[in-house]
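**Student:** My questions will all concern the structure given below.
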Amino acid sequence: QVQLVESGGGLMQAGGSLRLSCAASGLSFRNYAMGWFRQAPGKEREFVAAINWSGVLTNYLDSVKGRFTLSRDNAKNMLYLQMNSLKPEDTAVYYCAAKSGYYNVDKDSEYNYWGQGTQLTVSS
């Protein structure tokens with residue numbers, strides 16, 4: 001049974017930093033591209049970042065480029081999202097997801113597995 005478990009969310013002040021983690025089990029982690037999506041209240045889920053199986057390729061939502069860094073540790077089956085210079089508009093539930101192949105990584109319909117999400121709230 002595939003499980004993706006996010007952690008690290010919380011209440012932060014604008015300008016702060018936080019690292020989200022996603023622990024994967026039940027799948028061959030190194031065979032999957034991984035992504036982070038987020039959903040703010042009243043809004044549709046949106047792509048945040050993605051990374052290919054080796055960590056060499058990454059893609060980011062324009063509004064998080066230069067502030068967020070995605071990385072993975074295949075030996076530990078872990079995915080990380082380092083978030084710096086947080087803004088109130090980053091407030092959302094953050095989901096990690098896994099997909100086969102590194103294409104259409106910004107489309108949530110392409111992902112095979114999803115975590116339950118972790119809440120991030122950024123206050124101004």
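The values are calculated or read from the model by the stated rules, or taken from the named source; none is laboratory data. Predicted, not measured: the structure shown is a model, and the values here were computed from it. Virtual Cβ from ideal backbone geometry, glycine too; neighbours counted across all protein chains shown. Accessible surface areas use protein heavy atoms only, side chains included; no ligands, DNA or RNA. Shrake-Rupley method; radii C 1.70, N 1.55, O 1.52, S 1.80 Å.
**Student:** Hey, N74 hits all of (1) in contact with an Asp or Glu (Cβ under 6 Å, 6 or more places away or on another chain); (2) open to solvent by less than 60 Å² (accessible area, probe 1.4 Å); (3) not small (G, A, S) but one; which does it fall short on?
**Tutor:** Exception for N74: condition (1).
**Student:** Could you check D90 against (1) within 26 Å of M12 (Cβ to Cβ); (2) open to solvent by 60 Å² or more (accessible area, probe 1.4 Å); (3) not polar (S, T, N, Q) and say which number it fails?
**Tutor:** With respect to (1) within 26 Å of M12 (Cβ to Cβ); (2) open to solvent by 60 Å² or more (accessible area, probe 1.4 Å); (3) not polar (S, T, N, Q), D90 is out only on (2).
**Student:** Test G42 against the criterion of being touching a residue at least 12 places away in the same chain (Cβ under 8 Å), of a type in the set (G, A, S), out of contact with any Asp or Glu (no Cβ under 6 Å at 6 or more places or on another chain) and surrounded by fewer than 15 Cβ atoms within 10 Å (Cβ to Cβ), and give yes or no.
**Tutor:** So G42 fails the test.
**Student:** Please go through (1) open to solvent by less than 70 Å² (accessible area, probe 1.4 Å); (2) under 19 Å from N104 (Cα atoms); (3) among the basic types (K, R) for R67 and return the number of the only condition it doesn't satisfy.
**Tutor:** Here R67 clears every test but (2).
**Student:** Go over the candidates G35, G16, G8 one by one and state the one that is at positive phi and modelled with pLDDT of 95 or more. Talk me through it step by step, then tell me what you get.
**Tutor:** Details: G35 fails: at positive phi; G16 fails: at positive phi.
G8 is the lone residue from the list that is at positive phi and modelled with pLDDT of 95 or more.
**Student:** Also, I was wondering about something else. Going through segment 96-124 one residue at a time, which ones are within 13 Å of the chain's Cα centre (by Cα) and assigned to a strand (DSSP E or B)?
**Tutor:** C96, A97, A98, K99, Y113, W114, T118, Q119, L120
**Student:** Just need a number here: residues in segment 101-112 that are modelled with pLDDT of 95 or more and open to solvent by less than 80 Å² (accessible area, probe 1.4 Å).
**Tutor:** Summing the residues that are modelled with pLDDT of 95 or more and open to solvent by less than 80 Å² (accessible area, probe 1.4 Å) in segment 101-112 gives 5.
**Student:** So is N74 more than 17 Å from D108 (Cα to Cα), in contact with a helix residue (DSSP H, G or I) (Cβ under 7 Å, 6 or more places away or on another chain) and polar (S, T, N, Q) or not? Before the answer, list the steps.
**Tutor:** Values: more than 17 Å from D108 (Cα to Cα): yes; in contact with a helix residue (DSSP H, G or I) (Cβ under 7 Å, 6 or more places away or on another chain): yes; polar (S, T, N, Q): yes.
Judged against the criteria, N74 is a match.
For every residue, the table says whether it meets (1) in a loop (DSSP other than H, G, I, E, B); (2) more than 17 Å from L120 (Cβ to Cβ); (3) polar (S, T, N, Q).
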position: G16; (1), (2), (3): yes, no, no
position: A24; (1), (2), (3): no, yes, no
position: P41; (1), (2), (3): yes, no, no
position: V48; (1), (2), (3): no, no, no
position: S54; (1), (2), (3): yes, yes, yes
position: G66; (1), (2), (3): yes, yes, no
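**Student:** Before we move on, is W53 open to solvent by 40 Å² or more (accessible area, probe 1.4 Å), aromatic (F, W, Y) and either out of contact with any Asp or Glu (no Cβ under 7 Å at 6 or more places or on another chain) or free of Cβ contacts under 8 Å to residues at least 60 places away in the same chain (or both)?
**Tutor:** For W53, the condition - open to solvent by 40 Å² or more (accessible area, probe 1.4 Å), aromatic (F, W, Y) and either out of contact with any Asp or Glu (no Cβ under 7 Å at 6 or more places or on another chain) or free of Cβ contacts under 8 Å to residues at least 60 places away in the same chain (or both) - is met.
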